[in-house]
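Report on one structure; see the data block that follows.
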Amino acid sequence: MYRIASEKKKPTGNHAVTEAPPTKGQQAGAHSSHKNAEAKTQKSRVAANGKSGNNFPNVLVHGFCGWGRETLTSKIYRYFGGTGDIQEYLNNRGYQTFTAAVGPLSSNWDRACELYYFLKGGVVDYGAVHSARYGHERYGRSYPGVFPEWSEEHKVHLIGHSMGGPTIRTLVQLLEHGDPDEIAFAPSSREAGTSELFKGGKQWVHSITSIAGVNNGTPVADDLGEPMSDLLLSLASLCGADNRDLLFDFDLKQWGIHREKGEDLVEYAKKIMLSKAWKTTDSAIYDLSFAAARLQNIWVKTSPHTYYASYCADGTVPGLADTRVPMSNMNPLLLGGGAALGLNERDLAGGFLNWRPNDGCVPVPSAQYPIGHAHEFVGDNPAHPPKKGVWYVHPPIAGVDHIGIVQPVGSTTLEWLEEFFGKIAAYNKALPI
């Protein structure tokens, strides 16, 4: 079904070597062995720092086409946990956890702004300069604030899946460095001044965990080009299959898009697809591309005040002529992407062959760490204590796909997910202040 790749294997190129899934008997032994080894590794790595431990909450941040807990969808099926509930699983075990609700189709900048207000509370301010530049409203939805005490004394652990990875990195950049254009904005007598978010100087994030994060872009966005918006928006509309109720909120209010009372979901989806947002570079579709990721990795720094860790999945096995093919347990929604990525011929960092292993949506090297940023492969020096400002890259999890790493479908089970997120929460809690 699934297996966590052994940490004893050294990374080849940009990623660790993975193997085809073992038999059930081998799987149980390997899984148990890895579990014990990883627990000891994490304990020794943190304990070596001396002063350790914190009570900062975890914040789960969904990816593209994801949802929080306020929509009807979450009452039936949760983004983190599916029919289970990762947030409450962690809360019940003493790890305070929130699940964010940000725009499923919005850009990393807009999503970072929404995440800030989701935690702190207030009406979302996307920035006067940013909003004017891209032609959307400056203000968005209002959040009550789940963690209004958020500050340098009361930090958070941000855990992002898929596009949630670059989104939480963008938030840290804005918190710590602000934005010079927004800082220089001179409001008229009728305008509000610059939001505190854009003023910088806020070391409010203790750790970042990227899970199958799109840190270097994905060919799934690049190769489809213009048709990408129609295709992905059509897929997203499937999340709201009942036309009578809003099961899924596209949350594009800054673009003037609202679902009117009684409006048919198909008409609502058409309205979204005709939005001017897709003609700009201020959208999720653009931000998932290689070009956008390269620019973001220059602008968004790895903070020397924050701990970083990444987890990625490989749902493929070797095919003919150095190709990679999806495993039989890959989610059907990901089979096409997994097969296409397994044939990659783009000459990317580390060579095109290294970019063929994938989780059905994101190539392994894209999910490991932002290219050009400081990083260490966890298997290289397991006794090394964690350092801030360095990405700790865990080996690819073999036999798991992009959806299965957050929802118990096909490649994983709820028990596996609870253990996986439980380990992350325990590690975060043990990180030195």
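None of the figures in this text is laboratory data; all of them are computed from the coordinates on show. Treat the numbers as computed from the prediction; the structure is a model and nothing was measured. Cβ: placed from backbone, ideal geometry, glycine included. Neighbour counts: every protein chain shown.
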For R69, R78, order by how many other beta-carbon atoms lie within 10 Å, fewest first: R69, R78
What ranking of V266, V61, V325 emerges when the number of other C-beta atoms within 10 Å of each C-beta is taken as an exposure proxy, fewest first? V266, V325, V61
Would you please give the FRET efficiency between H258 and A291, computed as 1/(1 + (r/R0)^6) with r the Cβ-Cβ distance and R0 = 41 Å, to the nearest 0.05? 0.85
Please figure out what share of the DSSP beta bridges in the range 275-426 is antiparallel and state it in percent, rounded to the nearest 5. 35
Fewest-first ranking of S207, S189, S328, S162, using other Cβ atoms within 10 Å as the exposure measure: S189, S328, S207, S162
Inter-site label distance for E376 and I298 at 7 Å from Cα along Cβ, in nm: 3.0
Taking 0.36 nm per residue of separation between E88 and E196 and subtracting their Cα-Cα distance, the length gained on full extension comes to 35.8 nm
Residue separation times 0.36 nm, minus the C-alpha to C-alpha distance between E419 and I76: what's the value? 121.3 nm
